[in-house]
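Taking it in order: structure first as structure tokens, then the write-up.
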Number of protein chains: 2
Amino acid sequence: MDSLVNRRTIRKYAQKEISEDLLDEILTAGCRSSNTGNMQVYSIIVTRDQEMKNALAPLHFNQRMATEAPVMLTFCADFNRFNKWCSYRDAEPGHDNFLSFVTAAIDAVIAAQTVCVAAESKGLGICYLGTVTYMAHKIIDILKLPGGVVPVATITMGWPDENPVQPDRLPLEAIVHREVYHDYTRSDIDRFYREKEKRSDSLKFIEENKRTTLAQVFTDVRYKKTDNVYFSGTLLQVLKDQGFMNQ
Amino acid sequence: MDSLVNRRTIRKYAQKEISEDLLDEILTAGCRSSNTGNMQVYSIIVTRDQEMKNALAPLHFNQRMATEAPVMLTFCADFNRFNKWCSYRDAEPGHDNFLSFVTAAIDAVIAAQTVCVAAESKGLGICYLGTVTYMAHKIIDILKLPGGVVPVATITMGWPDENPVQPDRLPLEAIVHREVYHDYTRSDIDRFYREKEKRSDSLKFIEENKRTTLAQVFTDVRYKKTDNVYFSGTLLQVLKDQGFMNQ
């Protein structure tokens, strides 16, 4: 519990390997987590080779973690293995549809997060690279993912070489609703975001990006509508190409 | 690490409440997990009221956990709160698209799984109800979820009143690929599924369902193509209705 509460995302890693035994122990723990019907419809691609990291780095917008972490893990929604099993066992699978993608993606993310918790309990640091869903079409080529397989979460992992300040979180009452959803009034929003907005790192962020509010840094700089729309199109095309849109 | 490796899904709960303090501690740990850009684009609906459980139970196909667990938690992809914040801060959000749904859904599942790990570390048991994505359209009504909010993971939580045998998992080498995806040959499939197929619970499962292979139990009984196709349609309609398909 302490390691869950005190955790920080780690983006700078010491030049020290993660042993095969330790990584296997962590991945085994990840595969013990809940999954749909015990079908385990996910796969994990382990990247250790420097040339593979260099090939993947631009697809992760050249974030330094992509090349500097000893291990990168890409968690994929995967119905390919399950479908092959069915085809060799006189069974006709029906997983070439959107629900099946969502099912497998959820299983993959559950496994990814359990791997993160297991790694952090061993003193390792992790960072999720959200770029994986933006650039799924190209990551599929590099990792040679067949039909039925879509990458949904990438994490970098290594021994921490930094000890960053823990970032803020919204108060619990901003996230949690009792029995039914209680929609937010303006005064709720003001109250819940007050702490975040007055932090010195937030004020610095606004100034550096030449904006007048913190929200504008998100909408105008970090997560622009034009990018979201563009990558929505590429991701939907990936689902079609990988065989998940035949409903 | 031990609790990750030795865990079992718990479907039978003692008649004993989970205190508000303990639940808050667990949810706080969940909210410490990684999320995209620290936007925290998810919400958690807590169900404790018996009438609410009774209303939700049919949508979870009347699985006993839905009415018998002291707490049910529904994790939702939620851009509503973030968008409201933007609108009060002179910022124009652009999250009415598929990429934004996937981003928020991943964040919600990461939080859900961290909550599960935190709960299990306290001796509680959990069970995911995969039915949430099938019946999202009706769960939205009962939980009064506004536009921009989609339920993606439901878990039941309580003090264990059973100690089930730990189920099988595929061998790690069936799940993990080194550097690139190595597609499965027939002999790989035979080897990886051998252990699962010869278990007595699997053989019983085949017999009970009057099938000749274990795979057929999945394709003909548990996860039928007609159901997958039908619920793909309802889920895609939910994404449209909740405002995530405007790319």
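No lab work stands behind these numbers, since they all come straight from the coordinates. Keep in mind that this is a model prediction, so the values were computed, not measured. Here the Cβ is made from the backbone with ideal geometry for all residues, glycine too, and neighbour counts use every protein chain on show.
Observations on the model:
- Cross-link reach list, lysines versus A:K84, counting only Cα pairs under 20 Å and skipping chain neighbours closer than eight places: A:K144, A:K240, B:K196, B:K198, B:K224, B:K225
- Sorted by Cβ density within 10 Å, fewest first, the residues B:S202, A:S3, A:S200: A:S200, A:S3, B:S202
- Ascending list, in nanometres, of distances separating the A:R186 label from those of the other copies (7 Å, Cα toward Cβ): 7.0
- Chain B: most fluctuating residue of B:I26, B:I206, B:I140 per GNM, C-alpha cutoff 10 Å: B:I206
- Solvent-free Debye scattering, log10 I(q)/I(0), computed from the Cα coordinates of the protein assembly as shown at q = 0.06, 0.08 Å⁻¹: -0.25, -0.45
- Inter-copy label distances at A:E51, using a point 7 Å along Cα-to-Cβ, come to 6.7 nm with the shortest given first.
- Working note: Debye formula, equal point scatterers on the alpha-carbon atoms of region A:2-163, no solvent; log10 I(q)/I(0) at q = 0.14, 0.17, 0.20 Å⁻¹ is -0.70, -1.00, -1.30.
- Estimated FRET transfer efficiency when R0 is 56 angstrom, pair A:A14-A:N38 (beta carbons, to 0.05): 0.90
- Restricting region A:1-107 to GluC sites (Glu not before Pro) in coil, as DSSP defines it, with at most 14 other Cβ within 10 Å: A:E17
- For region B:161-166, 3J(HN,Hα) computed residue by residue from phi via the Karplus equation (6.51, -1.76, 1.60; θ = phi - 60°) reads 10, 7, 9, x, 5, 6 Hz, glycine and proline entered as x.
- Take A:N209, move 7 Å from Cα toward the beta carbon, and the resulting point lies 4.9 nm from the same point in each other copy, nearest first.
- Each of B:H60, B:H95 was scored by other Cβ atoms within 10 Å of its Cβ. Listed from fewest to most, they are B:H60, B:H95.
- For A:V176, the residues 5 or more places off, or on other chains, whose built amide H falls under 5 Å of its own are B:I44.
- Taking B:F75, A:F231, A:F205 and counting other C-beta atoms within 10 Å, the order from fewest to most: A:F205, A:F231, B:F75
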